[in-house]
Ligand SMILES: Nc1ncnc2c1ncn2[C@@H]1O[C@H](COP(=O)(O)OP(=O)(O)O)[C@@H](O)[C@H]1O
Ligand SMILES: [Mg+2]
């Protein structure tokens, strides 16, 4: 493995093995390869004090490299059977993608058995922490800040879907994957990450509650991953940002627990304004906020084909395209029968949910290569 470090740092050696590998992995030069030792030093031996998060793919640490650069170091938790070469080739693809609304991947460490990714560090954590979660209140997200976040995320996703070649599906758009820099510019993280993990990983678990609420029904039940499943997740996120609420909140009264369901019910009553975050005051443009909520509903419609593309979403958000000309149909909701940990409303109801879950777990292609994040979510819910 040190062979790789030497090779990618382009230190010429006389080792034949190096030359052979160099030929096998074309065009990998643009990727920074870090040694395990230097990342260990950067994080003070991956100390708890430097840990900034724990997610479905592993732990994330804040670290400082020798040259003073502050980075986020993500240690992938899977027992990867993926070869180093394959891992690096994928990294190469992802690290070449640069956009204002995407987190920058600096490089990685692939010394066996480690699989570690190194990103630029974002000072203001994720919107699940700062806008929806435990650190809520530390930053004031006024309406203009939220508009910037919603449009920025849409731009990042449209770029992945429509401008990068080959197109990239994110597959795990959710609040904890939207990070904020010091100016509250949103950066989508973890794009392409599902691809980096080997297809046999089905045991990755996540502690993030409510991830299920972002999954498009066709993704959850048939493992069908498309741009439109990302659009669905984006729609849920949009509703969260405008309402300031998580997609699922089991502490609320039953009819209020699932944000998407709730928003749809309120929309049908024609008074969308009532669900806008009440902490928004001074600079709130209620009409614009209602437009954003409608876009969220358009993105989460049950029929994939009816959901707009991400570039259309941008035009709707910016007002270049009139949302009111669109007919909005009922959202595809899976959370209402999926969440096994939703209190006990009715016994029979619960039993049905369990049955549906287990049949999905047995029959769907959730463990197949395209659905890492879905399987991760289900593991968490069913354990
Ligand atoms: N580049 C980064 N800069 C700062 N914090 C980060 C960065 N990447 C991840 N984090 C933090 O670590 C947490 C865990 O990240 P991750 O492993 O992607 O799990 P998840 O997205 O499922 O929460 C994130 O929610 C975020 O708070
Ligand atoms: Mg993440």
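By its C-alpha gyration tensor, with a ≥ b ≥ c as the square roots of the eigenvalues, how is segment 206-328 shaped: rounded for a/c under 1.5, else prolate for a/b larger than b/c, else oblate? Oblate shape, in that a/c is at least 1.5 and b/c is the bigger or equal ratio.
By per-residue mean of other Cβ atoms within 10 Å, what is the highest-first order of 89-101, 154-166? Numbers along the way, then the final one.
Values: 89-101: 17.1, 154-166: 18.8.
Going by the mean number of other Cβ atoms within 10 Å, highest first, we get 154-166, 89-101.
Each part reduced to its alpha carbon centroid, segment 224-262 and segment 293-329 end up 15 Å apart.
Placing pseudo-labels 7 Å out from each Cα toward the beta carbon at residue 185 and residue 104 gives an inter-label distance of 1.0 nm. Ranked by the mean number of other Cβ atoms within 10 Å of their residues, highest first, the peptides 52-58, 68-74 fall in the order 52-58, 68-74.
In a fully extended conformation the segment linking residue 54 and residue 70 would gain 3.9 nm over its present Cα-Cα distance, using 0.36 nm per residue.
In µm²/s, what is D for segment 39-142 at 4 °C and 1.567 mPa s, where D = kT/(6 pi eta Rh) by Stokes-Einstein and Rh is the Kirkwood radius from Cα pairs?
My calculation gives 87 µm²/s for D.
Given contacts defined as C-alpha pairs under 8 Å and at least six residues apart, what's the relative contact order of segment 200-335, whole-number percent? Before the final figure, lay out the partial values.
Numbers: 170 pairs, mean separation 38.9, N = 136.
Across segment 200-335, relative contact order equals 29 percent.
Readers should treat all values here as calculations from the given coordinates under stated rules, not as data from a laboratory. Just so you know, these numbers come straight off a predicted model, no measurement behind them. Glycine gets a Cβ as well: all are built from the backbone with ideal geometry, and neighbour counts include every protein chain shown.
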